[in-house]
1. Quick check on the range 48-72: of everything there that is under 22 Å from the mean Cα position of the chain (by Cα) and of a type in the set (Ser, Thr, Tyr), which residue is surrounded by the most Cβ atoms within 10 Å (Cβ to Cβ)?
2. From the list Val167, Val190, exactly one residue is within 30 Å of Asp76 (Cα to Cα), part of a helix (DSSP H, G or I) and modelled with pLDDT of 95 or more. Which is it?
3. Determine if the range 131-153 includes at least one residue that is surrounded by 14 or more Cβ atoms within 10 Å (Cβ to Cβ), assigned to a loop (DSSP other than H, G, I, E, B) and hydrophobic (A, V, I, L, M, F, W, C).
4. Just the residues that are open to solvent by 30 Å² or more (accessible area, probe 1.4 Å), part of a loop (DSSP other than H, G, I, E, B) and aliphatic (A, V, I, L, M), please, taken from the range 92-118.
5. When you check Thr67 against the structure, is it of a type in the set (S, T, N, Q) and in a helix (DSSP H, G or I), yes or no?
6. So, Asp171, is that one within 25 Å of Val26 (Cβ to Cβ), touching a strand residue (DSSP E or B) at 6+ places or on another chain (Cβ under 6 Å) and surrounded by fewer than 18 Cβ atoms within 10 Å (Cβ to Cβ) or not?
7. List the residue pairs whose Cβ atoms are under 8 Å apart, where the first residue sits in the range 41-58 and is under 14 Å from Glu82 (Cβ atoms) and without any contact (Cβ under 8 Å) to a residue 60 or more places away in the chain, the second is open to solvent by less than 60 Å² (accessible area, probe 1.4 Å) and among the acidic types (Asp, Glu), and the two are 6 or more positions apart or on different chains.
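The values are calculated or read from the model by the stated rules, or taken from the named source; none is laboratory data. Worth saying up front: this structure is predicted, and the values here are computed from it rather than measured. No Cβ is skipped: glycine too gets one built from the backbone with ideal geometry, and neighbour counts run over all protein chains shown. When the accessible area is computed, the model is the full protein with side chains, heavy atoms only, and any ligands, DNA or RNA have been set aside. Shrake-Rupley method; radii C 1.70, N 1.55, O 1.52, S 1.80 Å.
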Amino acid sequence: MLRVALTGGIATGKSHVLDELRKRGVACLDADALVRGVQAAGTEATAAIAARFGSDVLAPDGSVDRTKLAPLVFADDAARRELEAIVHPAVYRAIAAGLRGLELLGDPIAVVDVPLLYETGAEKNFDRVVVTACSPETQMARLVARGLTEDAARQRLAAQWPTERKVERADFVIRTDGTFEDTHRQIDDVLLRLQTSDFRLRPR
């Protein structure tokens, strides 16, 4: 099975591209959904987060309230790294389990949306990397449209590698500055190349 990571900066269109790949019959895993599972009520990660950041970051149902946690970690690099040290190992274990399951089902290609792929050094776990990209100005506009202040948007952008740095290391790049039709054409092209090329899998 070809293991493909989909990554890119925040608000560069990863979720849209993943949805479109799923519509085209590709097996997909969404790391953000796995994060929500890791931060659900009763998990080890949730207990560790509450111990480090206080019970005020928990929602009434006992899960992590990400809207309460975000201002604490995006304003403090050390706090963000502590959170990542709690969450990332659990998420990558879940990704590995999900990929094993898809491989047992016989899927020829699996795509995993991993926002912080390069930042965590996880690209070595995948055979190919697809990066979604748009201009920093477009990222800012999209984040503000989601309801973030400009300061909050800048904090989130600063917590990740610049998009162009990711582009330099990618096997494939999907630009999302244009129309949906432009993006979909690029998705079809990348998928065709993944399906028809004789890629050598990275040893594991």
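1. Filtering first and then ranking leaves Ser63.
2. Unique residue meeting the criteria: Val167.
3. yes
4. Of everything in the range 92-118, those that are open to solvent by 30 Å² or more (accessible area, probe 1.4 Å), part of a loop (DSSP other than H, G, I, E, B) and aliphatic (A, V, I, L, M) turn out to be Leu105, Leu116.
5. In short, yes.
6. Yes.
7. Between residues of the range 41-58 that are under 14 Å from Glu82 (Cβ atoms) and without any contact (Cβ under 8 Å) to a residue 60 or more places away in the chain and residues that are open to solvent by less than 60 Å² (accessible area, probe 1.4 Å) and among the acidic types (Asp, Glu), the close pairs are Val57/Asp65.
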